[in-house]
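See below for the structure under consideration.
Rule-based calculations on the coordinates, nothing more; no lab input. Please read all numbers here as calculations on a predicted model, not as lab measurements. So basically every Cβ, Gly included, is an ideal-geometry build from the backbone, and we count neighbours across all protein chains shown.
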Amino acid sequence: MNKYFSFLGKANRSEFWAINLIVIFGGWIALIGFLIFAGIFAVMSEIIGGMMVLSVFLAWLIGTIWLILAVGVRRCRDADISVFWVVPLLIPVLFIIMTIVLGVLPTVDKNFIPNEKT
């Protein structure tokens, strides 16, 4: 599990897509869960329920952003591009575009020499 939240190393395309699809679909499930959770606690107590839901939501949001940035940085290293290309992943509309771009970039092997004759 520590591998997924780490900014060190490289992530191939399959790992990048797996993490992003889990985050995207898991995000919808979590959003529905938060709304149900908020509704239950709003009936019990507005202030305590709101604070609990907000704290759980913020913890989930920070973990999700960390996970997306970590796998994005590792994917940039694997594709041999600047790690600053993960910054657009923080902007909602550009997230979709950059996810597709980072997901289709090929892996660059630094040891491969294309015109070398053996």
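Net charge of the neighbourhood of Thr107, taken over other residues with C-beta under 12 Å away and scored Lys/Arg +1, Asp/Glu -1, is +2. Its Cα gyration tensor gives the chain an equivalent ellipsoid; the semi-axes, largest first and in whole Å, are 38, 12, 11.
Check every DSSP H run in the chain and write down those whose alpha carbon atoms cover 20 angstrom or more along the long axis and whose mean Kyte-Doolittle hydropathy is 1.6 or greater. Span-like helices here: 13-44. Taking Lys and Arg as +1 and Asp and Glu as -1, the other residues whose beta-carbon sits under 15 Å from that of Arg77 total +2. The mean sequence distance of close C-alpha pairs (under 8 Å, at least 6 residues apart), as a share of the length of segment 13-103, puts its relative contact order at 29 percent. Helix-only arithmetic for the chain: the sum of -39500 (n - 2.57) across DSSP H runs with n ≥ 4, divided by the residue total, places the mean residue ellipticity at 222 nm at -24000 deg cm²/dmol. When both segment 75-94 and segment 1-38 are represented by their alpha-carbon centers, they are found 16 Å apart.
Think of the chain as a dipole: +1 on every Lys or Arg Cβ, -1 on every Asp or Glu Cβ, centred on the Cα centre; then among Ile22, Ile68, Trp85, Trp85 lies furthest on the positive end.
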